[in-house]
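Take a look at the structure set out below.
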Amino acid sequence: MPRLFFMPKTLRHICLLVLTTGALSAQVESEQWRFKPQLGLWFGPVTPVPNTRIADVLTTSLGGGLFFRGNLPTNTLRTEIGFSYSYYTSRTVARLHSIPVYGALVYTLPINLPLSFYVKVGGGGNFLRNYPEGSKNWLPAGYLGFETSFPAGRLINIGVRADYFFVYEQYLSPPPNNPNYEIHNAHFLNFGLMVNFNLSR
């Protein structure tokens with residue numbers, strides 16, 4: 001026999017009320033929920049994180065990207081997939097192409113304002129190709145993001161976003177002809193103006 005029936009009568013009623021209320025709340029949220037996909041793009045400055053080894057070589061540049069987002073049945077969580085492209089220059093001949101591809105879970109902060117605020121966490125891979133060496137490789141990457149936007153009509157949201165990518169390189173072996181070659185993880189920051197298109201209203 002379930003342990004619930006050995007509880008005092010008042011406590012048993014409270015437990016049943018909590019369970020019933022939770023079930024009804026979940027049912028209402030499920031009935032109100034519908035899929036709301038968004039397609040977005042951003043453009044802005046990209047930079048190595050200051051005081052990291054890659055920042056000693058590369059300088060701030062420009063980048064841009066695309067992303068697709070859809071909400072989950074909770075209405076506070078979304079999923080996002082995206083990619084971007086950045087081309088870094090330096091004070092020397094060094095150049096770097098960077099193409100991160102990621103997937104993330106997006107949480108909507110419960111702030112009652114016309115602006116919407118999102119925090120994001122995820123991971124993926126980052127394609128790097130450097131010059132003049134010409135080496136290229138796909139590397140695992142972690143992702144953190146923050147975004148704020150406001151509606152500019154029924155179909156468009158305008159905002160800003162910041163993305164941080166941690167590119168894990170230290171598992172690689174140094175070149176056989178240069179065993180003293182140092183390998184360091186890369187850290188990148190993206191800041192961009194953003195436009196989201198609501199694909200369903």
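The values are calculated or read from the model by the stated rules, or taken from the named source; none is laboratory data. Remember, it's a predicted structure, so these values are computed and weren't measured experimentally. Cβ: placed from backbone, ideal geometry, glycine included. Neighbour counts: every protein chain shown. These accessible areas exclude ligands, DNA and RNA; they are computed on the full protein's heavy atoms, side chains included. Shrake-Rupley method; radii C 1.70, N 1.55, O 1.52, S 1.80 Å.
Enumerate the amide H contacts of GLY63 below 5 Å, restricted to partners 5 or more residues apart or on another chain; note that Pro and chain-start residues carry no placed amide H.
Amide H to amide H, under 5 Å and 5 or more residues apart or across chains, GLY63 pairs with GLY44, VAL46.
Please name which of PRO151, TYR118, ASN130 has its Cα lying farthest along the dipole of segment 104-163 towards the positive end, using unit charges on Cβ (Lys, Arg +1; Asp, Glu -1) and the Cα centre as origin.
Going by the charge dipole, the pick is PRO151.
What accessible area, in Å² to the nearest ten, does a 1.4 Å probe give for TRP138?
Looks like 140 Å² after rounding.
How charged is the neighbourhood of VAL46? Take every other residue with its Cβ under 13 Å from the Cβ of VAL46, and add Lys/Arg as +1 and Asp/Glu as -1. Please list the in-between numbers first.
Working: positive: ARG161; negative: ASP163.
Residues close to VAL46 contribute a combined charge of 0.
If packing is taken as the mean number of other Cβ atoms within 10 Å per residue, what is the order of 80-90, 112-122, highest first? The partial results should precede the final answer.
Numbers: 80-90: 18.0, 112-122: 13.5.
In decreasing order of mean packing, 80-90, 112-122 become 80-90, 112-122.
Mind grabbing the accessible area of ARG129 for me, 1.4 Å probe, Å², rounded to tens?
It works out to around 80 Å².
Give me the net charge of ILE81's neighbourhood, meaning all other residues with Cβ under 13 Å from the Cβ of ILE81; Lys, Arg count +1, Asp, Glu -1. Let's see the in-between values first.
Numbers: positive: ARG69, ARG78, LYS120; negative: GLU80.
Value of the local net charge: +2.
Which of the listed residues, THR52, ASN178, PRO140, is farthest toward the dipole's positive end in segment 45-198, when Lys, Arg count +1 and Asp, Glu count -1 at the beta-carbon?
Going by the charge dipole, the pick is PRO140.
From Cα pairs below 8 angstrom and at least 6 apart in sequence, can you work out the relative contact order of segment 45-198, rounded to a whole percent?
Working: 380 pairs, mean separation 29.5, N = 154.
Rounded, it is 19 percent for segment 45-198.
Charges at C-beta only: +1 for Lys and Arg, -1 for Asp and Glu. How large is the resulting dipole of segment 45-198 about its Cα centre, in Debye rounded to 20?
Numbers: 10 positive and 7 negative charges, 64 e Å.
Dipole magnitude for segment 45-198 comes out near 300 debye.
Just to be sure I understand the model, the point goes 7 Å from the Cα along the line to the Cβ. What's the resulting TYR107 to TYR171 distance in nm?
2.6 nm
Where the centre of each part is set by its Cα atoms, how far does segment 89-163 sit from segment 165-188, in angstrom?
Cα centres, segment 89-163 to segment 165-188: 22 Å.
Roughly how many Å² is the accessible area per residue of segment 45-198, as a whole number, for a 1.4 Å probe?
Values: 8320 Å² over 154 residues.
Per residue, segment 45-198 has 54 Å² of solvent-accessible surface.
Kindly state, to the nearest 0.05, the FRET efficiency for LEU77 paired with PHE43, given R0 = 22 Å and r defined as their beta-carbon distance. Each step should come with its number before you reach the end.
Numbers: r = 27 Å, r/R0 = 1.21.
Given R0 = 22 Å and the Cβ-Cβ separation, E is 0.25.
Taking the Cα-to-Cβ direction at PHE150 and at HIS184 and moving 7 Å from each Cα, how far apart do the two end points lie in nm?
4.0 nm
Keeping the other protein chains in place, figure out the carbon and sulfur percent of the accessible area of segment 45-198, with a 1.4 Å probe.
Details: 5480 of 8320 Å².
Whole-percent figure for carbon plus sulfur exposure: 66.
Near GLY145, within a Cβ-to-Cβ distance under 13 Å, what is the net charge of the other residues, with Lys and Arg +1 and Asp and Glu -1?
On the way: positive: ARG69, ARG78, LYS120, ARG161; negative: GLU80, GLU147, ASP163.
For residues surrounding GLY145, the net value is +1.
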